[in-house]
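Read through the structure below, which is laid out as structure tokens, and then see the notes.
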Amino acid sequence: MFVLGGVGLILMDLALDPNPKNPAVQSGGRIRKMRPKSDHASGGRAATASAASPPSEFDSIDPILHLLRFLPYGFLRPPHLRLKLPSSLALPSPMTVFSLVLLTYFAVVSGLVYDVIVEPPGIGSTQDRSTGTVRPVVFLPGRVNGQYIIEGLSSGFMFVLGGVGLILMDLALDRNRARSVRISFASFGISAIVIAYAMSMLFIRIKIPGYLW
């Protein structure tokens, strides 16, 4: 769930970042270059910008991060390739990427690979010893490594609901939004996380009686 929220928000931030790099100023239909300033002014501006800029990945104190960034390039040299993408190929929108990631996450946590390989039934059935009637069973009892199709889809939906709740709580921290919108995001996010956790614990206790008691 944390991975889902992080990937979706990072992709949306990268797609919406304007990142202007042209130092020229347009005035009166002509492009007028900016006049260079003194070293003192440029040094003060650089110091202010460096102090106000957020910490980058190079400022991390994690030694494993720096090891993974620089160790492979000590004996490997990346090839110089000049690959050009077709002009008709456009990058997908952030919401499209988020939808694909969310759908893939739902398919993985629902046990799609297990359903394709094992081909379990949608629901099971059991016979009552006293009356002899056959009643349906949604959860495969006593087996952690086995499931019915409906059981996997129900559990996967609860996992996705919890991930969406975390994303909504992260969006509620944006100060550029209205207060009512932030309160709504926070309320729905907390409710989604509580419901997802409660239902997931209920599912596992139905599947394995006495779990964590």
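Tally up the residues in segment 76-118 that are closer than 24 Å to V160 by Cβ and under 20 Å from the mean Cα position of the chain (by Cα), please. Matching residues across segment 76-118 total 21.
Among the residues of segment 101-155, what is the count of those that are among the aliphatic types (A, V, I, L, M) and closer than 16 Å to F203 by Cβ?
As a first pass, look at segment 101-155 and keep what is among the aliphatic types (A, V, I, L, M): 101-103, 107-109, 112-113, 116-118, 123, 134, 137-138, 140, 144, 149-150, 153.
Those still in the list that are closer than 16 Å to F203 by Cβ too: 109, 123, 137-138, 140, 144, 149-150, 153.
Number of matching residues: 9.
Take F58 and decide whether it is modelled with pLDDT of 85 or more and part of a helix (DSSP H, G or I).
no
Restricted to segment 119-135, and to residues there that are exposed (fewer than 12 other Cβ atoms within 10 Å of the Cβ) and among the β-branched types (V, I, T), the residue that is nearest to G162 (Cα to Cα) is T126.
Say whether the condition of being out of contact with any Lys or Arg (no Cβ under 7 Å at 6 or more places or on another chain) and either part of a loop (DSSP other than H, G, I, E, B) or of a type in the set (D, E) (or both) is met by at least one residue in segment 178-201. Checked against the condition, which is being out of contact with any Lys or Arg (no Cβ under 7 Å at 6 or more places or on another chain) and either part of a loop (DSSP other than H, G, I, E, B) or of a type in the set (D, E) (or both), segment 178-201 yields at least one hit.
To keep it simple, each residue is scored yes or no on (1) touching a helix residue (DSSP H, G or I) at 6+ places or on another chain (Cβ under 9 Å); (2) under 20 Å from S110 (Cβ atoms); (3) surrounded by 14 or more Cβ atoms within 10 Å (Cβ to Cβ); (4) at pLDDT 95 or above.
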| position | (1), (2), (3), (4) |
| --- | --- |
| V160 | yes, yes, yes, yes |
| G189 | yes, no, yes, yes |
| A192 | yes, yes, yes, yes |
| M201 | no, yes, no, no |
| Y211 | yes, no, no, no |
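Only residues that are touching a Gly at 6+ places or on another chain (Cβ under 9 Å) and among the aromatic types (F, W, Y) were counted in segment 132-165, giving 2.
The values are calculated or read from the model by the stated rules, or taken from the named source; none is laboratory data. These figures come from a predicted structure and were not determined experimentally. FYI the Cβ positions are ideal-geometry reconstructions off the backbone, even for glycines, and counts take in every protein chain you see.
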